[in-house]
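Peer 1: Please read through the structure below; I'll follow up with questions.
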Amino acid sequence: MSRASAPCSPAAPRSADARALSAAQESLYAQIDAIGARVNPRVGCFHDGVAFPDAYLATKPRIAWVLKNAYDESDADGAPVSDGMDIRDWFCDGALAAAGKKQLFIKMALVSHCVQRGVPYRADGARDKAAVMRALQGIALVDLSKLPGGKSITDRALKAEAAHFAEVVAAQVALYQPDVLIFGNTLHLCHGLFPDVDYAHPARVYEAGGDCVLRAFCGTRRLYLEAYHPSYPASYDAYVGTLVQAVRDHSAQ
């Protein structure tokens, strides 16, 4: 399966640790492609994870977002049109302007920007949109299913797809060693991969407007945050502000 044509290419990793991470990630991509060829040979898989190893390793705390599957345009028969997608094409400098037009990535970038800098969210404090969007270059993005799909997917269908890639997802988290894992309505499908999560007993529940918008779980080595998917039409104050506050609360303990 070939990688989709790239609008731009990130620089090669500089540090030894970044080169090791990149090499290990390439090995996982080979596993992803092998699984995808067996499950659905008609489509190319999504190479997710870390776009810029140097930037990711330089951030503290390190953030990984765990989402569902990558959206792809479909042809008349409903098949994805690209022969695979790659996270390195999504978050390089030339692609960030396009990412900045999507609520999904804007919310992810705002949360990541504030957490990486240890500052609370303020709607009027993120006027340098280019700087905010560059926060995406320092995160990991892990999808439960590496098969591209449409704009929505049922839990039943996702669970079946995710089962094929469960070992890869666990290996990605072990490789990236994030300090904070943010789940976009996905933890209920994969909490079995994280034995240090007591899923029945969150450490804290956050509400906004009377609704539960976030559940926080304190693992032995990291913070797990179960939130809405970032494309969910929650307000920025409720979504971004609550996620950022949850990380700050955990850091203050």
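The values are calculated or read from the model by the stated rules, or taken from the named source; none is laboratory data. Quick caveat, the model's predicted, so the values are computed rather than measured. All Cβ positions, even for glycine, are placed from backbone atoms using ideal geometry, and neighbour counts span all protein chains on display.
Peer 1: Evaluate the following for Ala208: is it over 18 Å from the mean Cα position of the chain (by Cα) and among the aliphatic types (A, V, I, L, M)?
Peer 2: yes
Peer 1: Against the condition of a type outside the set (Asp, Glu), out of contact with any strand residue (DSSP E or B) (no Cβ under 8 Å at 6 or more places or on another chain), surrounded by 15 or more Cβ atoms within 10 Å (Cβ to Cβ) and at pLDDT 95 or above, how does Ala20 come out, does it pass?
Peer 2: no
Peer 1: Counting only residues that are at pLDDT below 95 and part of a loop (DSSP other than H, G, I, E, B), which one in the stretch 201-210 is surrounded by the fewest Cβ atoms within 10 Å (Cβ to Cβ)?
Peer 2: Filtering the stretch 201-210 for residues that are at pLDDT below 95 and part of a loop (DSSP other than H, G, I, E, B), the one surrounded by the fewest Cβ atoms within 10 Å (Cβ to Cβ) comes out as Gly210.
Peer 1: With the condition kept exactly as written, say whether any residue in the stretch 36-45 is outside any helix (DSSP H, G or I) and within 17 Å of Ser112 (Cα to Cα).
Peer 2: No; the residues of the stretch 36-45 include none that is outside any helix (DSSP H, G or I) and within 17 Å of Ser112 (Cα to Cα).
Peer 1: May I ask you to verify whether Val213 is modelled with pLDDT of 95 or more and either out of contact with any strand residue (DSSP E or B) (no Cβ under 7 Å at 6 or more places or on another chain) or at negative phi (or both)?
Peer 2: In short, no.
Peer 1: Something else now. Looking only at the stretch 139-180, filter to residues that are of a type outside the set (Val, Ile, Thr) and assigned to a strand (DSSP E or B); which one of those is farthest from the chain's Cα centre (by Cα)?
Peer 2: Among those that are of a type outside the set (Val, Ile, Thr) and assigned to a strand (DSSP E or B), it is Gly149.
Peer 1: In the stretch 52-72, is there at least one residue being touching a residue at least 40 places away in the same chain (Cβ under 8 Å), farther than 17 Å from Ala140 by Cβ and not hydroxyl-bearing (Ser, Thr, Tyr)?
Peer 2: There is at least one residue in the stretch 52-72 that is touching a residue at least 40 places away in the same chain (Cβ under 8 Å), farther than 17 Å from Ala140 by Cβ and not hydroxyl-bearing (Ser, Thr, Tyr).
Each row is one residue, and each column tells you yes or no for (1) surrounded by fewer than 21 Cβ atoms within 10 Å (Cβ to Cβ); (2) over 23 Å from Ala238 (Cβ atoms).
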site: Gly118; (1), (2): yes, no
site: Arg122; (1), (2): yes, no
site: Met133; (1), (2): no, no
site: Ile139; (1), (2): no, no
site: Ser152; (1), (2): yes, no
site: Ala157; (1), (2): yes, yes
site: Ala163; (1), (2): yes, yes
site: Ala171; (1), (2): yes, yes
site: Gln177; (1), (2): yes, yes
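Peer 1: Can Ala246 be described as touching a residue at least 24 places away in the same chain (Cβ under 8 Å), buried (at least 21 other Cβ atoms within 10 Å of the Cβ) and under 18 Å from the mean Cα position of the chain (by Cα)?
Peer 2: Considered against the rule, which asks whether it is touching a residue at least 24 places away in the same chain (Cβ under 8 Å), buried (at least 21 other Cβ atoms within 10 Å of the Cβ) and under 18 Å from the mean Cα position of the chain (by Cα), Ala246 comes out as yes.
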